[in-house]
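The values are calculated or read from the model by the stated rules, or taken from the named source; none is laboratory data. Please read all numbers here as calculations on a predicted model, not as lab measurements. Glycine also receives a Cβ, built like all others from the backbone with ideal geometry; neighbour counts cover every protein chain displayed.
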Amino acid sequence: MGALAESYKDTLLEPQHIPLDYGSVHTLPDSHVWLDESDESPSGVHSTGPPVIDLADPDSARLIIQACETWGVFQLIGHGIPTKLMEDVQSEAEKLFDLPVDQKMKALRSPGGSQSGYGLPPISPFFEKLMWHEGYHIMGSPIDHAKLLWPNDYQGFCDTMVHYRSQLKALTEQLIRIIFKSLNINPDEVAWLKESQGLSIGLQLNCYPPCPDPTRAMGIAPHTDTSLITVLQQSKVSGLQVFKEGAGWVLVQPVPGAITVNLGDFFHILSNGVFTTVRHRVVATRIRRLSFAYFYAPPGDFIVSPVLSKDFGEVPRYQTLSVKEYVGIKGKHFEKALSVIQN
Ligand SMILES: C=C1C[C@]23C[C@H]1CC[C@H]2[C@@]12CCC[C@@](C)(C(=O)O1)[C@H]2[C@@H]3C(=O)O
Ligand SMILES: O=C(O)CCC(=O)C(=O)O
Ligand SMILES: [Fe+2]
């Protein structure tokens with residue numbers, strides 16, 4: 001199932017790390033209060049967000065590389081993912097999160113097991129407070145967990161998710177090829193990209209339930225993704241913010257039909273820090289927000305080593321290590337992982 005299945009495997013989920021029955025909670029519990037009114041953390045709602053790039057634009061490769069250097073994130077239109085499929089994913093996910101909490105609990109992610117199933121984000125134990133969030137992660141076949149949710153009616157959900165995953169895989173690999181070329185890596189010589197063997201792929205369905213006190217709550221706490229690249233479908237409701245040096249937290253305002261692409265830690269290391277993994281968070285909202293994140297990482301034994309050149313620097317800023325080793329370091333050191341492997 002790939003190295004990402006091992007992510008955060010030693011961060012113990014305690015009994016409090018199961019989602020609340022959000023529908024029955026009308027005031028924000030203390031356990032979920034992150035910020036008080038005096039908080040003055042910068043909120044760059046007025047700054048312009050990351051670029052919107054049309055993949056059909058003949059200049060798209062250059063624009064993508066530029067966005068990777070300046071933002072680590074962009075929105076993509078002209079990506080070819082059928083609108084109908086995007087809508088089907090949205091409605092299947094709504095059907096899932098609409099289930100009574102007792103039903104969802106049947107598919108609870110098992111502690112120490114693979115990442116698949118229902119639960120709070122695996123990074124929850126790194127924080128004192130709990131996130132206003134419920135998630136459902138799919139790795140490998142979606143069938144076993146879906147059967148627990150809908151014993152007689154799981155096929156539609158599974159077919160949609162598997163179809164979506166295969167479409168996103170093709171798109172993601174197209175983007176990886178573009179970025180590899182700029183790193184002077186010949187994509188045709190990268191075995192896993194050609195043969196798709198041992199890849200780590202995860203599809204995370206995120207739900208941010210309606211929050212009674214959104215300014216004091218947190219949807220997903222600040223983090224960078226443990227991926228090469230993450231491809232995200234946001235719903236119409238905004239909530240995703242990225243941290244930009246000098247501007248603070250900047251909203252990624254969803255563009256209808258667009259897909260948000262962000263780089264993860266592995267592209268950061270490969271590019272010697274020139275293409276930046278983007279720190280992001282999700283704010284809580286009064287109305288429910290859904291999002292679907294597709295994480296793509298190379299096989300666990302793939303060696304990640306900074307590419308050196310005039311453009312990317314002659315001195316490696318990061319140590320050379322395998323994907324698996326980095327996943328282990330991230331699980332232990334979380335936000336400090338990149339500085340732990342810094343030279
Ligand atoms: C495929 C992945 C990527 C994971 C770990 C593993 C399974 C679940 C993913 C997320 C999803 C929610 C945010 C995040 C930060 C989290 O808590 O779990 C992600 C994390 C990462 O990007 O590190
Ligand atoms: O909900 C979002 O827009 C982003 C979610 C996210 O950061 C993640 O799943 O890693
Ligand atoms: Fe993320």
Search result, residues across the stretch 84-135 that are surrounded by 20 or more Cβ atoms within 10 Å (Cβ to Cβ) and among the hydroxyl-bearing types (Ser, Thr, Tyr): 116, 118, 124
Condition check for residue 212: out of contact with any strand residue (DSSP E or B) (no Cβ under 8 Å at 6 or more places or on another chain) and farther than 13 Å from residue 73 by Cβ: yes
Condition met for residue 335 (over 27 Å from residue 193 (Cα atoms), at pLDDT below 95 and surrounded by fewer than 19 Cβ atoms within 10 Å (Cβ to Cβ)): no
Any hit, the stretch 308-318, residues being assigned to a loop (DSSP other than H, G, I, E, B) and either within 16 Å of residue 240 (Cβ to Cβ) or within 15 Å of ligand 1 (Cβ to nearest atom) (or both): no
Matching residues in the stretch 220-234 - criterion: being away from ligand 3 (no atom under 11 Å from the Cβ), under 24 Å from residue 335 (Cβ atoms) and of a type outside the set (A, V, I, L, M): 234
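Right, residue 324: within 16 Å of ligand 2 (Cβ to nearest atom), of a type in the set (D, E, K, R), surrounded by 14 or more Cβ atoms within 10 Å (Cβ to Cβ) and modelled with pLDDT of 95 or more or not?
For residue 324, the condition - within 16 Å of ligand 2 (Cβ to nearest atom), of a type in the set (D, E, K, R), surrounded by 14 or more Cβ atoms within 10 Å (Cβ to Cβ) and modelled with pLDDT of 95 or more - is not met.
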Qualifying residues in the stretch 130-146 (those that are over 26 Å from residue 211 (Cβ atoms) and not in a helix (DSSP H, G or I)) - the one nearest to ligand 1 (Cβ to nearest atom): 139
Single match in 250, 231, 237 (criterion: β-branched (Val, Ile, Thr), part of a strand (DSSP E or B) and away from ligand 1 (no atom under 16 Å from the Cβ)): 250
Which numbered condition residue 290 fails, given (1) touching a Cys at 6+ places or on another chain (Cβ under 7 Å); (2) not in a strand (DSSP E or B): (2)
Which numbered condition residue 217 fails, given (1) modelled with pLDDT of 95 or more; (2) within 26 Å of residue 324 (Cβ to Cβ); (3) away from ligand 2 (no atom under 12 Å from the Cβ); (4) aliphatic (A, V, I, L, M): (2)
Tally of residues being charged (D, E, K, R) and modelled with pLDDT of 90 or more across the stretch 7-57: 4
Test set (1) more than 23 Å from residue 202 (Cα to Cα); (2) within 16 Å of ligand 2 (Cβ to nearest atom) - residue 308 fails condition number: (2)
Boolean, residue 329 is more than 16 Å from residue 230 (Cβ to Cβ), among the aliphatic types (A, V, I, L, M) and either out of contact with any strand residue (DSSP E or B) (no Cβ under 9 Å at 6 or more places or on another chain) or not in a loop (DSSP other than H, G, I, E, B) (or both): yes
Subset tally (residues that are aliphatic (A, V, I, L, M), within 17 Å of the chain's Cα centre (by Cα) and either more than 15 Å from residue 84 (Cα to Cα) or not in a helix (DSSP H, G or I) (or both)) for the stretch 158-177: 3
Residue tally, condition in a strand (DSSP E or B) and either away from ligand 3 (no atom under 14 Å from the Cβ) or of a type in the set (S, T, N, Q) (or both), over the stretch 260-275: 2
Qualifying positions in the stretch 284-297 - surrounded by 24 or more Cβ atoms within 10 Å (Cβ to Cβ) and more than 11 Å from ligand 1 (Cβ to nearest atom): 284, 289
Where residue 278 falls short, out of the listed (1) away from ligand 1 (no atom under 15 Å from the Cβ); (2) not in a strand (DSSP E or B): (1)
Residue tally, condition in a strand (DSSP E or B) and touching a Phe, Trp or Tyr at 6+ places or on another chain (Cβ under 7 Å), over the stretch 118-129: 1
